[in-house]
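Enquirer: Here it is: the structure, laid out below.
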Amino acid sequence: MNIAIFSPSQNPYSETFIQAHKNELKGRVFYYYGRGSQIKLEGYARLMPIWRYKYLMIYAKIFRKPSGFLWQEQLLYSLKLNNINTILVEYGTHAYHLKELLAKSRLPVVVHFHGYDASVRRVIKSCNYYKDVFENAKKIIAVSRIMETTLLSLGCPKDKLIYNVYGPQKIFETITPQFSKKQFVAIGRFTNKKAPYYTILAFKEVLKIHPDAQLLMAGDGLLLNTCKNLVQHYQLSKQVKFLGVITAEMYSDLLKESLAFVQHSITAEDGDMEGTPLSVLEASAAGLPVIATNHAGIPDVIVNNETGLLGDEHNVIGMTENMLQLLNNLELAKQLGIAGKARIKTHFSLERHINNLNAVLDPKTI
């Protein structure tokens with residue numbers, strides 16, 4: 001099976017789920033990244049021979065072809081040359097951008113929604129509520145139950161919709177947490193829907209009782225400087241550390257020594273929501289309890305008072321109380337972590353996610 005994956009950008013650090021698709025899917029994967037005339041095929045210098053491209057340029061000019069003609073023809077040539085059997089498009093927005101190309105290819109198409117593409121109101125409207133995407137795709141993948149409900153409400157046919165949560169990288173399954181430090185870890189982009197400032201405000205209150213506790217925050221994003229200013233304003237620089245973008249290996253080392261993973265996800269003003277945060281899955285797979293909110297796909301994978309502690313969105317006091325509960329009860333933290341590790345292994349492994357995706361992409365069954 002030759003699979004073409006289309007992604008709007010090449011290997012962003014925060015999209016490890018797409019890297020898992022590229023590296024783990026069965027068959028040969030061709031990774032196309034970028035938008036419009038900037039789309040490239042990873043590992044290849046060109047999509048078609050230069051002589052053919054120049055011929056098409058002249059042809060397009062003489063017959064006044066539309067602006068998208070050249071890049072679409074290059075991709076159609078590349079798809080045919082590489083004997084592509086099926087196409088996986090990452091993000092509903094990208095599928096909408098590629099809709100004419102996908103229709104012309106006459107290949108079976110699977111569209112994978114991830115988060116903002118199924119929640120930001122202006123984005124959904126700009127894509128004409130995905131009417132063309134739903135009509136032309138063979139299957140649509142949702143990564144949370146609330147996303148599944150949203151896509152159905154937008155008109156996605158129920159028989160096309162597949163629920164398939166991500167799976168954590170296998171490195172996290174090998175971790176045995178030591179709970180050696182009074183340390184909370186948070187990893188993710190500094191964006192509105194992750195509300196990192198709420199995590200800081202909750203932790204600030206924790207320090208009144210446990211002044212030796214630590215909060216480590218990894219990632220980058222628009223709100224990073226705001227959060228740094230907040231920490232400086234409250235004079236928390238010794239207790240709150242910003243690590244920047246870190247590798248999976250660095251993250252796994254932090255999970256080994258920390259007490260819990262924390263993330264205060266919310267629905268942003270524009271409607272933006274998480275899918276199912278991969279960092280939550282990774283922390284739970286490692287055996288660490290998760291302190292988070294009842295947001296999007298988080299309660300699908302984290303069971304409150306069983307594998308983690310969940311509070312309501314915007315409830316900073318509730319998050320503080322959940323942090324204190326684990327600081328004051330190490331045995332509870334260990335119990336939640338053990339239960340979480342078992343739940344992820346049974347229901348949300350990477351192997352399960354990839355096997356489901358392989359079945360969906362199989363041209364014999366699609």
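Enquirer: Quick one: Karplus J couplings for the range 174-189, per residue in order, coefficients 6.51, -1.76, 1.60, θ = phi - 60°, nearest Hz, x for Gly and Pro?
Expert: 8, 7, 10, x, 9, 6, 8, 10, 7, 9, 9, 10, 10, 9, x, 5
Enquirer: Relative contact order of the chain, please, whole-number percent, based on alpha carbon pairs below 8 angstrom and at least 6 residues apart. Intermediate values should be presented prior to the final figure.
Expert: Values: 683 pairs, mean separation 60.8, N = 366.
It comes to 17 percent, rounded to a whole number.
Enquirer: If you don't mind, there's one more thing I want to ask. Could you give the length gained by full extension between residue 241 and residue 59, i.e. 0.36 nm per residue of separation minus their alpha carbon distance, to one decimal place? Let's see the in-between values first.
Expert: Working: separation 182, 0.36 × 182 = 65.52 nm, distance 5.79 nm.
Length gained between residue 241 and residue 59: 59.7 nm.
Enquirer: Quick one: which of 345-357, 32-44 comes out on top by average Cβ neighbours within 10 Å, and what's the full order, highest first? Write out the running numbers ahead of the final one.
Expert: Numbers: 345-357: 16.5, 32-44: 14.9.
The densest-packed peptide leads the list: 345-357, 32-44.
Enquirer: Determine ³J(HN,Hα), in whole Hz, for all residues of the range 289-299 in sequence, where each value follows from phi through the Karplus function 6.51 cos²θ - 1.76 cosθ + 1.60 and θ = phi - 60°; x replaces Gly and Pro.
Expert: x, 10, 9, 8, 10, 7, 9, 6, x, 4, x
Enquirer: Then there is this: Taking the alpha carbon gyration tensor of the range 217-327, what are the square roots of 5 times its eigenvalues, largest first, to the nearest whole Å? Provide the component values of the computation, followed by the final result.
Expert: Values: eigenvalues 85, 65, 49 Å².
Output for the range 217-327: semi-axes of 21, 18, 16 Å.
Enquirer: Can you tell me how the range 73-174 classifies by the Cα gyration tensor, rounded, prolate or oblate, using a/c under 1.5 as the rounded cut?
Expert: Details: a/c = 1.93, a/b = 1.18, b/c = 1.64.
Cα axes put the range 73-174 in the oblate bin.
Enquirer: Moving on to the next point. With a sphere of radius 13 Å drawn around the Cβ of residue 200, what net charge do the other residues whose Cβ falls strictly inside it have (Lys, Arg +1; Asp, Glu -1)?
Expert: Numbers: positive: 194, 204, 228, 241; negative: 205.
Taking every other residue near residue 200 into account, the sum is +3.
Enquirer: What are the equivalent ellipsoid semi-axes of the range 42-120, built from the alpha-carbon gyration tensor (square roots of five times its eigenvalues), in whole angstrom, biggest first? Please list the in-between numbers first.
Expert: Numbers: eigenvalues 138, 49, 24 Å².
In descending order, the three semi-axes are 26, 16, 11 Å.
Enquirer: So which trypsin sites (Lys or Arg not before Pro) in the range 89-127 end up in coil per DSSP with only 14 or fewer other C-beta atoms within 10 Å? Could the numbers behind the result be given before it?
Expert: On the way: sites: 99, 104, 106, 121, 122, 125; in loops: 106.
In loop regions of the range 89-127 (DSSP not H, G, I, E or B), the sparsely surrounded trypsin sites (Lys or Arg not before Pro) are 106.
Enquirer: Next question, about the same structure. Taking θ = phi - 60°, what integer Hz values does the Karplus form 6.51 cos²θ - 1.76 cosθ + 1.60 yield along the range 44-57, in sequence order, with x for Gly and Pro?
Expert: Here the 3J(HN,Hα) series is 10, 6, 9, 7, 8, x, 4, 5, 6, 5, 5, 4, 5, 4 Hz.
Enquirer: What whole-number value in cubic angstrom gives the convex hull volume per residue for the C-alpha atoms of the range 204-250? Don't skip to the end; give the middle numbers.
Expert: Values: hull volume 3.7 nm³, N = 47.
Hull volume normalised by residue count: 78 Å³.
Enquirer: Give me Rg over Rh for the range 172-249, both radii from the alpha carbons and Rh done the Kirkwood way, two decimal places. Present the calculation step by step, with values, prior to reporting the outcome.
Expert: Details: Rg = 12.9 Å, Rh = 13.3 Å.
So for the range 172-249, dividing Rg by the Kirkwood Rh gives 0.98.
Enquirer: Of the labelled options [x] 1.02; [y] 0.98; [z] 1.22, which one gives Rg/Rh (Cα atoms, Kirkwood Rh) as computed for this structure?
Expert: Read-out taken from this structure: [x].
Enquirer: Based only on the alpha carbon positions, what is the Kirkwood hydrodynamic radius of the range 268-366, in angstrom?
Expert: On the way: mean 1/r = 0.0681 Å⁻¹.
That comes to 14.7 Å for the range 268-366.
Enquirer: Shifting gears a bit: Between the range 222-258 and the range 281-347, what is the C-alpha centre distance in whole Å?
Expert: So the separation of the two Cα centres works out to 20 Å.
Enquirer: Sorted from largest down, give the three principal axis spans of the alpha carbons of the range 316-357, whole angstrom values.
Expert: Taking max minus min along each principal axis of the Cα atoms, the range 316-357 gives 40, 24, 9 Å.
Enquirer: Sum -39500 (n - 2.57) across every DSSP H segment of at least 4 residues in the chain, then divide by the residue count to get the 222 nm mean residue ellipticity, nearest 500. Intermediate values should be presented prior to the final figure.
Expert: Details: 16 runs with 154 residues, N = 366.
Helix-only estimate at 222 nm: -12000 deg cm²/dmol.
Enquirer: Same structure, new question: Could you tell me what fraction of 2.2 N^0.38 Å the Cα radius of gyration of the range 148-303 comes to, as a two-decimal ratio? Working shown, then result.
Expert: Values: Rg = 16.5 Å, N = 156, 2.2 N^0.38 = 15.0 Å.
For the range 148-303, the normalised Cα radius of gyration comes out at 1.10.
Enquirer: Then there is this: Can you give the alpha-carbon Rg of the range 125-211 over 2.2 N^0.38 Å, where N counts its residues? Could the numbers behind the result be given before it?
Expert: Numbers: Rg = 19.9 Å, N = 87, 2.2 N^0.38 = 12.0 Å.
Relative to the rule-of-thumb radius for its length, the range 125-211 sits at 1.66.
Enquirer: Would you mind computing, in nm to one decimal, how far apart the modelled labels at residue 225 and residue 42 are, each placed 7 Å from Cα along Cα→Cβ?
Expert: 3.1
Rule-based calculations on the coordinates, nothing more; no lab input. Computed from a prediction, not measured in an experiment: that's the story for all the values here. A quick note on method: Cβ atoms are made from the backbone with ideal geometry, for glycine too, and the neighbour counts reach across all protein chains shown.
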